[in-house]
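J.: First the structure, then my questions, so here it is.
The values are calculated or read from the model by the stated rules, or taken from the named source; none is laboratory data. Predicted model, so just to flag it, every value in this text is computed and none were measured. Cβ placement follows ideal geometry from the backbone for every residue including glycine, while neighbour counts extend to all protein chains displayed.
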Amino acid sequence: MRRTTCLQSMETLATVLLKPGQADRIVAGHPWIYSASILRVTSPVADGAVVQVKDHRQRLLGVGFYNSKSKINVRLLSNQRVLIDGAFFEERIRSALALRQKHLPEASSFRVINSESDFLSGLICDKYEDVLVLQTSALGMDQRKGEIAAVLQRILEPRAIVERNDVASRKFEGLPVSNSVLSGSFAGELEVQLNGLFFRVNLLEGHKTGLYLDQQQNYSLVGKISAGAQVLDCFSFLGGFALHAARAGAAHVHGLEQSEQAVATAAENARRNGLSGKCSFEQVNVFDWLKAQTATKPHEKVIPRFDLIILDPPSFTRNRASIPDALRGYKEIHLRAIKLLKPGGTLATFCCSHHIDTPTFQKVILDAAYDAHRILRRTAIYAQSPDHPVIPAIPETEYLKGFSFEVAG
């Protein structure tokens, strides 16, 4: 019976035909089909409905969600003619979970579903201990969030599923802001464990869905180079890098963060982990602080004070038009950070914008070093944690990049 229903459903799907020359990117694996790529739609279709996509020669490319209000008219979910139902979501989610269990077997908090990376465009799900946080940034996914939540409940058995749909990208899909508890009972605050350290987070407020889970492995990697160091952690948020550095044996870590609430929570996280004596946090604009610390009078020189400086700012780019301003901002903070590093000191730095690729980011750092009259030796390359998989055919999935550099001269 289900097979018959499936075939009938496929036969009634509206077809989106692509213009000549527009299919290659889709065949290579990218799931987004822009309005400019579409030749015509064969029949009326409701926004959020499933459509099948074919090239101009009527060859099937796959099925996905349609939305006429978005620049991305179709988000492909499969290159096969399949029924998009609960069974489909369960298969995809179990596959995504297996990938995390393979690459992050010890983690109790991680990203379960990473949108395009897991072939579920417009859907994100983060696991924080026994609570799940769901984000739907595409209309088709948003319309099915109840069905998706039911599948997640069945697979992971969380005590609560929280909806954090306050991301700006929802407006491009014609979707309103929506934050709520979809199932279970949850007040918002939770203690999360990352790499054996405890972090207090509020899953109903703050950045992203609660923590920067994409840095989970990098926290440990940077911590390993912190022993005995005087550390400056810029844009410290809830103390992810700071606490890992302090636990790894840093002499002292000073965190800079603009959010008063984040500073208070970071200090509490340090106390909870028995690291208060090694950590201090300051509420300040990081740009202003770095500028003040590197300001000199004529014939004065900046006195380097730190063995390790960590730069992990929020994205400076919302779109391609903002790239030039973002690059100036990145150069500014790197120039001033490099001036504050002792000879032989290390700069651990990150960029989380997919609009700025790795070579461009490295060039900005080297340009800053040139202006500071320092030579850098690259010692490590960082990427996002494996619960945020990268699909090279989908460049947008590779957004986090980072380096460690030693001041060599």
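J.: Please determine whether any residue of the range 117-124 is modelled with pLDDT of 95 or more, at positive phi, not assigned by TED's automatic domain parsing to the domain that holds Asp387 and not in a helix (DSSP H, G or I).
T.: Of the range 117-124, the ones modelled with pLDDT of 95 or more are 117-124.
Cutting the leftovers down to at positive phi gives us 119, 122.
Applying the additional criterion that residues be not assigned by TED's automatic domain parsing to the domain that holds Asp387 yields 119, 122.
So of that shortlist, the ones also not in a helix (DSSP H, G or I) come out as 119, 122.
For the range 117-124, residues modelled with pLDDT of 95 or more, at positive phi, not assigned by TED's automatic domain parsing to the domain that holds Asp387 and not in a helix (DSSP H, G or I): present.
J.: If I filter the range 205-227 for residues that are in contact (Cβ under 8 Å) with a residue 12 or more places away in the chain, part of a strand (DSSP E or B) and among the acidic types (Asp, Glu), do I get at least one hit?
T.: Looking for residues that are in contact (Cβ under 8 Å) with a residue 12 or more places away in the chain, part of a strand (DSSP E or B) and among the acidic types (Asp, Glu), one finds none in the range 205-227, hence no.
J.: A further question follows. Give the range 11-30 a look and list any residue that's surrounded by 12 or more Cβ atoms within 10 Å (Cβ to Cβ) and in contact (Cβ under 8 Å) with a residue 60 or more places away in the chain, or say none. If you could, list the steps in order and put the result at the bottom.
T.: Filtering the range 11-30 for residues surrounded by 12 or more Cβ atoms within 10 Å (Cβ to Cβ) gives 13-19, 22-23, 25-27, 29-30.
Of everything in the range 11-30, those that are surrounded by 12 or more Cβ atoms within 10 Å (Cβ to Cβ) and in contact (Cβ under 8 Å) with a residue 60 or more places away in the chain turn out to be Gly29, His30.
J.: Can you find even one residue in the range 178-185 that is more than 20 Å from Leu340 (Cβ to Cβ), in the same structural domain as Glu157 (by TED's automatic domain parsing), part of a loop (DSSP other than H, G, I, E, B) and touching an Asp or Glu at 6+ places or on another chain (Cβ under 8 Å)? Even if it seems obvious, please write down each step before you answer.
T.: Step one: of the range 178-185, the residues more than 20 Å from Leu340 (Cβ to Cβ) are 178-185.
In the following step, the residues that additionally are in the same structural domain as Glu157 (by TED's automatic domain parsing) were identified as 178-185.
So of that shortlist, the ones also part of a loop (DSSP other than H, G, I, E, B) come out as 185.
Those left that are additionally touching an Asp or Glu at 6+ places or on another chain (Cβ under 8 Å): none.
There is no residue in the range 178-185 that is more than 20 Å from Leu340 (Cβ to Cβ), in the same structural domain as Glu157 (by TED's automatic domain parsing), part of a loop (DSSP other than H, G, I, E, B) and touching an Asp or Glu at 6+ places or on another chain (Cβ under 8 Å).
J.: Return the only residue of Lys127, Lys54, Lys69 being in contact with a Leu (Cβ under 8 Å, 6 or more places away or on another chain) and modelled with pLDDT under 95.
T.: Details: Lys127 fails: modelled with pLDDT under 95; Lys54 fails: modelled with pLDDT under 95.
Just one listed residue meets the conditions, Lys69.
J.: Separate question: Of all residues being modelled with pLDDT under 90 and surrounded by 14 or more Cβ atoms within 10 Å (Cβ to Cβ) in the range 295-322, which is nearest to Ala368 (Cα to Cα)? Just the residue, please.
T.: It comes out as Val302.
J.: If you go through the range 320-329 one residue at a time, do you hit one that is polar (S, T, N, Q) and farther than 27 Å from Val253 by Cα?
T.: Quick first cut of the range 320-329, residues polar (S, T, N, Q) only: 322.
Keeping just the survivors that are farther than 27 Å from Val253 by Cα gives 322.
Looking for residues that are polar (S, T, N, Q) and farther than 27 Å from Val253 by Cα, one finds at least one in the range 320-329, hence yes.
J.: Every residue in the range 77-103 that is closer than 21 Å to Pro20 by Cα and in contact with a helix residue (DSSP H, G or I) (Cβ under 7 Å, 6 or more places away or on another chain), please.
T.: Once the filter is applied, which keeps residues that are closer than 21 Å to Pro20 by Cα and in contact with a helix residue (DSSP H, G or I) (Cβ under 7 Å, 6 or more places away or on another chain), the range 77-103 yields nothing.
J.: May I ask you to list the residues in the range 40-58 that are closer than 17 Å to Val27 by Cα and in contact (Cβ under 8 Å) with a residue 24 or more places away in the chain?
T.: Applying the first criterion (closer than 17 Å to Val27 by Cα) to the range 40-58 yields 51-58.
Passing the criteria: Val51, Gln52, Val53, Lys54, Asp55, His56, Gln58.
J.: Take Arg154 and tell me if it is farther than 24 Å from Asp24 by Cβ and surrounded by fewer than 17 Cβ atoms within 10 Å (Cβ to Cβ). Step through it out loud before you land on a result.
T.: Numbers: farther than 24 Å from Asp24 by Cβ: yes; surrounded by fewer than 17 Cβ atoms within 10 Å (Cβ to Cβ): yes.
Yes, satisfied.
Yes/no matrix, rows are residues, columns are (1) under 23 Å from Leu400 (Cβ atoms); (2) assigned to a loop (DSSP other than H, G, I, E, B):
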| position | (1), (2) |
| --- | --- |
| Ala245 | yes, no |
| Asn269 | yes, no |
| Ile303 | no, yes |
| Ser322 | yes, no |
| Lys342 | no, no |
| Ala348 | yes, no |
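J.: Could you tell me whether the range 194-201 includes any residue that is modelled with pLDDT under 95, in the same structural domain as Phe110 (by TED's automatic domain parsing), closer than 30 Å to Lys145 by Cα and assigned to a strand (DSSP E or B)?
T.: So far as the range 194-201 goes, no, none of its residues is modelled with pLDDT under 95, in the same structural domain as Phe110 (by TED's automatic domain parsing), closer than 30 Å to Lys145 by Cα and assigned to a strand (DSSP E or B).
J.: Something else about it: What are the pairs, 6+ residues apart or on separate chains, where a residue within the range 170-193 that is within 30 Å of Ile72 (Cα to Cα) has its Cβ under 8 Å from a residue that is among the basic types (Lys, Arg) and modelled with pLDDT under 90?
T.: Once the first residue is within 30 Å of Ile72 (Cα to Cα) and sits in the range 170-193, its partners that are among the basic types (Lys, Arg) and modelled with pLDDT under 90 give Pro176/Arg170; Val177/Arg170.
J.: Checking Ile310 against (1) out of contact with any Asp or Glu (no Cβ under 8 Å at 6 or more places or on another chain); (2) outside any helix (DSSP H, G or I); (3) closer than 25 Å to Pro389 by Cβ, which test does it fail?
T.: Here Ile310 clears every test but (1).
J.: Under the condition of being of a type in the set (D, E, K, R) and crowded, with 16+ Cβ neighbours inside 10 Å, which residue from the range 245-267 is farthest from Ser226 (Cα to Cα)?
T.: It comes out as Glu257.
J.: Turning to a different aspect of this structure: Of the residues that make up the range 244-259, is at least one out of contact with any Gly (no Cβ under 7 Å at 6 or more places or on another chain), among the hydroxyl-bearing types (Ser, Thr, Tyr), over 22 Å from Tyr382 (Cβ atoms) and not assigned by TED's automatic domain parsing to the domain that holds Leu400?
T.: no
J.: Looking at the range 79-117, which of the residues that are within 23 Å of the chain's Cα centre (by Cα) and among the polar types (S, T, N, Q) is surrounded by the most Cβ atoms within 10 Å (Cβ to Cβ)?
T.: Asn114
J.: Within the range 31-51, how many residues turn out to be under 29 Å from the mean Cα position of the chain (by Cα) and either hydroxyl-bearing (Ser, Thr, Tyr) or buried (at least 18 other Cβ atoms within 10 Å of the Cβ) (or both)?
T.: Residues of the range 31-51 under 29 Å from the mean Cα position of the chain (by Cα): 31-37, 47-51.
This time we only want the ones that are either hydroxyl-bearing (Ser, Thr, Tyr) or buried (at least 18 other Cβ atoms within 10 Å of the Cβ) (or both), so: 31-35, 37, 48, 50-51.
Counting residues in the range 31-51 that are under 29 Å from the mean Cα position of the chain (by Cα) and either hydroxyl-bearing (Ser, Thr, Tyr) or buried (at least 18 other Cβ atoms within 10 Å of the Cβ) (or both) gives 9.
J.: Follow-up. Quick one: in the range 53-73, which of the residues that are among the polar types (S, T, N, Q) and surrounded by 21 or more Cβ atoms within 10 Å (Cβ to Cβ) is nearest to Gly174 (Cα to Cα)? Quick ask: steps written out before the conclusion?
T.: In the first step, residues of the range 53-73 are kept if they are among the polar types (S, T, N, Q); the result is 58, 67-68, 70, 73.
From the residues that got through so far, the ones that are surrounded by 21 or more Cβ atoms within 10 Å (Cβ to Cβ) too are 67, 70, 73.
Working: Asn67: 9, Ser70: 8, Asn73: 12 Å.
In this case the residue turns out to be Ser70.
J.: Any residue in the range 64-75 that is assigned by TED's automatic domain parsing to the domain that holds Ile26 and among the hydroxyl-bearing types (Ser, Thr, Tyr) sitting within a Cβ distance under 9 Å of a residue that is assigned to a loop (DSSP other than H, G, I, E, B) and surrounded by 24 or more Cβ atoms within 10 Å (Cβ to Cβ)? List the pairs, counting only those 6 or more apart or interchain.
T.: Once the first residue is assigned by TED's automatic domain parsing to the domain that holds Ile26 and among the hydroxyl-bearing types (Ser, Thr, Tyr) and sits in the range 64-75, its partners that are assigned to a loop (DSSP other than H, G, I, E, B) and surrounded by 24 or more Cβ atoms within 10 Å (Cβ to Cβ) give Ser70/Ala138.
J.: Please enumerate the residues belonging to the range 195-220 that are of a type in the set (A, V, I, L, M, F, W, C), under 24 Å from Thr346 (Cα atoms) and within 18 Å of the chain's Cα centre (by Cα).
T.: Taking the range 195-220 and keeping what is of a type in the set (A, V, I, L, M, F, W, C), we get 197-199, 201, 203-204, 211, 213.
Next cut, under 24 Å from Thr346 (Cα atoms) only: 197, 213.
Scanning the range 195-220 gives a single hit, Leu213.
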